[in-house]
Amino acid sequence: MLSVRTVKDLVGHFAKQNRLVLIPLLVVLLLAAVLLVLTQGLAYVTPFVYALF
Amino acid sequence: MSATLGISANYHDAAAALVVDGTLVAAMQEERFSRIKNDPSLPLSAARACLALAKLDAKDLTRVVFYENPYRKLERVLTMSLRTFPRSLTQFPRAIASQLSGKLQVLDELSSRLGVRRDRVTHREHHESHAASAFFLSPFERAAVLTVDAVGEETTTALWLGEGRSLKALERIAFPHSLGLLYSALTAWCGFEVNEGEYKVMGLAAFGQPRFRDEFTKLVTLAPDGSFSLGLDFFDSHTNTEVGFSPKLEALLGPRRSPGTPWDLTSDRDRRVADVACTLQTVLEEALLGLARRAKERTGANALCLAGGVGLNAVANARLARESGFRDFFVQPAAGDAGAALGAAILGALDLGDARPAPLESLALGLPVTSDDARTIAKNLGLVATPLSGPDDVAELLAKGEILACAEGRFEFGPRALGNRSLLALPTPIAVKERLNRVIKRREPFRPFAPAVLEAGAPRFFEPFAERLAPFMVTVAGVKAEARPSLEAVTHVDGTARVQTVKADSRFGAIIDAVGRRTGTPVVLNTSLNGKGDPIVASVADAFAFFLGHSADALVVDDVLIRKP
């Protein structure tokens with residue numbers, strides 16, 4: 001779980017950058033993420049992983 | 001007292017660095033403890049080892065500084081994925097899951113796993129950490145600073161001005177235009193492992209000719225102002241995390257080389273790969289020179305500092321030292337992401353009012369080995385351990401042609417072994433290189449080995465080189481023609497060597513000096529003490545594991561010699 005401090009910093013960062021519009025997208029994708037984690041769909045890590053993630 | 005811990009993690013080569021009252025007291029990579037090469041995991045073992053070495057507890061830490069901004073990273077993943085939609089569709093869920101399932105809460109994790117109050121855990125920016133590691137560990141009061149890597153939060157290249165205790169950001173180039181990603185994508189095309197095989201491409205380049213210049217003008221455009229841009233049709237790092245290039249690259253340069261295929265540099269196929277590597281190396285050097293000229297123009301500084309993974313390219317560094325127009329040049333020798341932990345720690349310490357650290361003199365920042373441990377392990381394993389009287393005894397064995405696995409003192413930080421965790425041998429005959437490459441280290445036969453030479457003796461064997469870089473093995477030098485017969489195992493095909501200069505008053509210096517008295521050549525072949533795919537040895541136990549699994553002639557731990565029965 002994210003701490004209150006991290007949530008505050010995260011929202012603060014997105015607000016400062018005028019990126020709050022991305023928050024709903026983040027929430028929806030969180031569900032996909034949870035599914036992937038639960039189904040262990042992330043077991044394979046590719047070489048360019050750092051470029052994206 | 002103030003104690004600041006810098007942390008880099010989660011992408012590749014995680015590390016921890018500790019600054020106490022303005023002094024860099026320890027820095028270690030997690031791979032040395034987990035024994036997983038380039039381990040990206042949170043470096044908890046490395047952090048605890050740094051604290052133990054300084055006799056501190058986690059609760060004594062004034063601040064823990066993570067080397068990049070996790071929120072900005074998430075923002076880049078989101079915006080880039082939207083920008084490249086629908087191509088990003090296949091990678092997007094994985095990317096976002098990776099962010100949300102761990103990377104976003106890295107500061108919380110550090111707080112809870114290390115046992116440090118959350119309000120003491122903070123972060124800086126990725127390239128700022130690189131820049132700080134280069135400038136604040138340099139001896140310069142004023143310098144231009146270049147940071148060049150694959151990608152940080154969204155920056156791939158940045159220009160800074162360092163003055164005293166401050167760093168000012170001047171210009172940047174953003175993802176996906178990246179020299180690091182260009183080099184890595186071509187590393188994958190050459191059939192090497194990304195984040196590991198870049199050195200091999202640099203070594204391979206010496207066997208080729210830069211005959212693909214026309215093709216490369218499509219891959220990367222170098223602007224007169226020093227900036228650059230990639231031909232994005234040829235790269236796919238934002239949607240394809242497998243190889244980082246698109247089918248168009250293979251249409252342009254030919255099919256990628258199959259990983260693991262035996263090398264034959266007389267074949268058309270491998271000569272073509274060598275020519276591509278050579279062209280890539282040439283273009284990278286020209287791009288860096290463009291950036292350096294821009295840095296000179298913007299800052300008017302006399303000195304240049306460099307960090308970021310591209311700073312590990314010793315051949316490019318040599319060219320920068322010669323042609324960039326700066327009077328002085330410093331490369332932070334653990335230039336990759338591990339080294340950013342140094343910068344994060346220093347930035348945190350400066351915020352707390354600490355003095356700027358002293359210029360970097362030594363990379364022996366890890367845990368030490370002891371001969372008592374070596375005797376105990378040897379006894380338990382039934383191996384013969386005999387005392388050595390000093391460097392003379394080691395030199396005697398080397399002069400007989402033995403290849404020695406040597407561990408002494410604290411292990412080094414960064415990718416280079418500089419004598420404390422090294423395989424040592426004479427720099428001739430060529431059979432030494434063959435035995436090391438093919439039998440002991442089991443690596444590609446074209447890969448060169450480095451010579452370690454006494455500082456004062458270097459001009460006898462090598463053309464002039466960047467003296468500030470040579471103690472850390474981050475530059476190359478031409479080997480004088482008359483010296484090549486006595487240095488054939490450490491002279492690359494293009495007549496250069498990745499030279500390391502060693503002070504005569506060190507133990508390693510005394511060994512080299514003693515070898516010189518016996519052979520007339522005070523030079524020793526020095527390569528890292530590790531087997532194929534393994535991290536460099538850290539502990540005495542690691543040294544024994546290496547020795548028992550590989551065919552080195554003997555193991556030396558401090559003043560103890562161990563032989564197999």
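The values are calculated or read from the model by the stated rules, or taken from the named source; none is laboratory data. It should be emphasised that the depicted structure is a prediction, and the values quoted were computed from it without experimental measurement. Cβ placement follows ideal geometry from the backbone for every residue including glycine, while neighbour counts extend to all protein chains displayed. Note: areas computed on protein heavy atoms with side chains; ligands, DNA, RNA excluded. Shrake-Rupley method; radii C 1.70, N 1.55, O 1.52, S 1.80 Å.
Computed values, structure above
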{"item": "Whole-angstrom gap from the stretch B:545-565 to the stretch B:111-178, using each part's C-alpha centre", "result": "41"}
{"item": "Probe 1.4 Å, accessible area per residue of the stretch B:371-563, Å²", "result": "37"}
{"item": "Area of B:Trp160 that stays accessible when all protein chains are in place (1.4 Å probe, Å², to 10)", "result": "30"}
{"item": "Sequence-distant lysines (8 or more away, or on other chains) whose Cα lies within less than 16 Å of B:Lys532", "result": "B:Lys37, B:Lys200, B:Lys433, B:Lys441"}
{"item": "Global geometry of the stretch B:363-514, whether rounded, prolate or oblate, following the gyration tensor of its Cα atoms and the 1.5 cut on a/c", "result": "prolate"}
{"item": "Using a Förster distance of 25 Å, the FRET efficiency for B:Arg517-B:Leu548 (Cβ separation, nearest 0.05)", "result": "0.20"}
{"item": "Simple label model, 7 Å out from Cα along Cβ direction - B:Arg442 to B:Ser34, nm", "result": "2.2"}
{"item": "For the pair A and B, total buried accessible area rounded to nearest 100 Å², probe 1.4 Å", "result": "3500"}
{"item": "Charged-residue dipole, Cβ positions (Lys, Arg, Asp, Glu), chain B about Cα centre, Debye nearest 20", "result": "440"}
{"item": "Prolate/oblate/rounded label for the stretch B:172-217 (Cα gyration tensor, a/c 1.5)", "result": "oblate"}
{"item": "Heavy-atom surface of the stretch B:179-331, accessible at 1.4 Å and reported per residue (Å²)", "result": "37"}
{"item": "Charge dipole (the protein assembly as shown, unit charges on Cβ, about Cα centre) - positive-most of B:Phe472, B:His126, B:Ser506", "result": "B:His126"}
{"item": "Convex hull of chain B built on C-alpha atoms - directionally averaged projected area, nm²", "result": "24.5"}
{"item": "Sum of side-chain charges, B:Gly231 neighbourhood, beta-carbon under 13 Å (Lys, Arg +1; Asp, Glu -1)", "result": "-2"}
{"item": "Which of B:Leu320, B:Val201, B:Leu284, positive extreme of dipole for the stretch B:179-331 (C-beta unit charges)", "result": "B:Leu320"}
{"item": "Anisotropy class of the stretch B:9-74 from Cα gyration tensor, a/c 1.5 cut", "result": "oblate"}
{"item": "Rounded to 5, the percent of DSSP beta bridges in the protein assembly as shown classed as antiparallel", "result": "70"}
{"item": "Set of aspartates and glutamates with alpha-carbon distance to B:Lys103 below 13 Å, sequence-local pairs under 8 removed", "result": "B:Glu68, B:Glu75, B:Glu153"}
{"item": "Probe 1.4 Å, all protein chains present, accessible-area order of B:Met1, A:Met1, largest first", "result": "A:Met1, B:Met1"}
{"item": "Surface share of carbon and sulfur [accessible, 1.4 angstrom probe, percent] for chain B", "result": "51"}
{"item": "Chain B, relative contact order [Cα under 8 Å, separation at least 6], %", "result": "16"}
{"item": "Antiparallel %, DSSP beta bridges [both residues in chain B], to 5", "result": "70"}
{"item": "Interface residues in the stretch B:56-85 - accessible area drops by 50 Å² or more relative to the isolated chain, probe 1.4 Å", "result": "B:Tyr71, B:Glu75, B:Leu78"}
{"item": "Over chain B: helical MRE at 222 nm, DSSP H runs n ≥ 4 each giving -39500 (n - 2.57), nearest 500", "result": "-10500 deg cm²/dmol"}
{"item": "Label-point separation, B:Ala355 to B:Val384 (7 Å along Cα→Cβ), nm", "result": "5.1"}
{"item": "B:Asp57 paired with A:Asn18, simple spin-label distance in nm, labels 7 Å along Cα-to-beta-carbon", "result": "5.0"}
{"item": "Ranking by accessible area, most exposed first, for A:Val28, B:Val476 with a 1.4 Å probe", "result": "A:Val28, B:Val476"}
{"item": "Cβ charges +1 (Lys, Arg) and -1 (Asp, Glu), total dipole of the stretch B:430-508, debye", "result": "420"}
